[in-house]
């Protein structure tokens, strides 16, 4: 076993860290307050090759491994989780889903610009449309329908909680084509945002990751060409589950970054703030909190890297990604709360950043499979 990063991994980690400090940190509080989508930052992610990190170069990607992706996600999430979630969805869900299961024609038309993150000089990213008003954790209960009309499908329905909902150019949409078959009647379709009948709902006013644009998407008699179906009939649910398994590595890495960011700020503050005649780092109550934070964060990091290694080595990573996500997300929530406590009253105000990290941490326990769903996945795997 080797617990040392390669030179290439260290370079990628440093590039992501520099980007986060120089490009994401300035204005992060304002973007959070005003729910401003980080357009400039995402465009620069595209220039760095971070929007198609794991896509093969022949499709416009950077050809990096999943470990590189985890390292970059952690560094960016330390500073701005609203930026990193855009990166996560485009990499883990949209680009991966198209590269793994799309046709060559679909890859050339959609994957290439998605991996670049740009098309004709404009931002070009994707979104993953699975959740519905009554189909969140129960993803089999799809009410969105795609009716076969011969040479096209007719799409109708509503999708909720869609990250990149308004900023995306391309949607991967799960829809029911044959309700009598249950989950085996679900298909996945590539839908372009500017097609007639596609309506973007109002932006959600969220607790955290407020810079990320989260919307409902409505479909009213949207015509989908048959060539925009991904996989064979009935493959949609498997497509969603297999893609989400990789997506959980991204969200686990985001949670890891939030926790790590909270820890870094806490260590810095403990060396500056004085109480009872000495820096608070010298008080055991604070020192022990920092020790526990460092230990849990390191454990979460190892789980994330192990899941990434499994994916890179084509080992079944569903269990590993679920373990990484549930542990990293709960560590993020706990560590961010501890960071606020360490900062005391200062932790409750925006300029010290930790209150935002605490708000951002909560969503990592919910999206791309709640902690409860992850425990179902884990328990089924270990008890089968």
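Here, each number is a calculation from the coordinates, and none is a lab measurement. Since this is a predicted model, take the numbers as computed values, not measurements. Ideal geometry is used to build each Cβ from the backbone, glycine not excepted, and the neighbour counts take in all protein chains shown.
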Kirkwood hydrodynamic radius for the range 126-234: how many Å is it when counted over pairs of different Cα atoms?
13.9 Å
In units of 2.2 N^0.38 Å, what is the alpha-carbon radius of gyration of the range 342-384?
1.76
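Could you sort 147-158, 34-45 so that the peptide with the highest average Cβ count within 10 Å comes first and the rest follow in order? Working shown, then result.
Values: 147-158: 15.4, 34-45: 18.4.
In descending order of packing, they fall as 34-45, 147-158.
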Once you have the Kirkwood Rh of the range 175-235 from its Cα pairs, apply Stokes-Einstein at 20 °C and 1.002 mPa s and quote D in µm²/s.
156 µm²/s
At 7 Å along the Cα-to-beta-carbon direction for both residue 288 and residue 366, put a label point, then send me their distance in nm to one decimal.
3.3 nm
Can you tell me the relative contact order of the chain? Whole percent, Cα pairs under 8 Å, sequence separation 6 or more.
16 percent
Length gain on complete extension for the stretch residue 346 to residue 382, per 0.36 nm per residue less the alpha carbon to alpha carbon distance?
8.6 nm
Run the numbers on the range 7-123 and let me know its relative contact order in percent, using alpha-carbon pairs under 8 Å that are six or more apart.
33 percent
Taking the Cα centroid of the range 233-312 and of the range 47-125, what is the distance between the two, rounded to the nearest whole Å?
23 Å
Helical contribution to [θ] at 222 nm, DSSP H n ≥ 4, -39,500 (n - 2.57), averaged over the chain, rounded to 500:
-15000 deg cm²/dmol
Give the peptides 268-278, 368-378 in descending order of average Cβ contacts within 10 Å, highest first.
368-378, 268-278
Potential lengthening between residue 147 and residue 271 on full extension [0.36 nm per residue; Cα-Cα distance subtracted]:
38.4 nm
Report the FRET efficiency, 1/(1 + (r/R0)^6), for residue 10 and residue 180, where r is their Cβ-Cβ distance and R0 is 41 Å, rounded to 0.05.
0.15
Peptides 60-72, 130-142 ordered by average Cβ neighbours within 10 Å, highest first
60-72, 130-142
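Please label the shape of the range 201-274 as rounded, prolate or oblate, based on the square roots a ≥ b ≥ c of the eigenvalues of the alpha-carbon gyration tensor (a/c under 1.5 means rounded; beyond that, a/b larger than b/c means prolate, else oblate).
Numbers: a/c = 5.69, a/b = 2.13, b/c = 2.67.
Cα axes put the range 201-274 in the oblate bin.
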For the range 239-384, what does the convex hull of the Cα positions come to per residue, in cubic angstrom?
106 Å³
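Working from the pairwise distances between different alpha carbons, so that the mean of 1/r is found and then inverted, what is the range 301-353's Kirkwood radius in Å? Don't skip to the end; give the middle numbers.
On the way: mean 1/r = 0.0786 Å⁻¹.
Taking every pair of different Cα atoms in the range 301-353, averaging 1/r and inverting gives 12.7 Å.
Using Cα pairs under 8 angstrom and six or more residues apart, how large is the relative contact order of the range 114-270, in percent? All intermediate terms of the calculation are to be shown ahead of the outcome.
Details: 297 pairs, mean separation 35.2, N = 157.
That works out to 22 percent.
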Please order 95, 304 by the number of other Cβ within 10 Å, starting at the fewest.
95, 304
Calculate the spin-label point distance for residue 154 paired with residue 227, positioning each point 7 Å from the Cα along the beta-carbon direction, and give it in nanometres.
2.3 nm
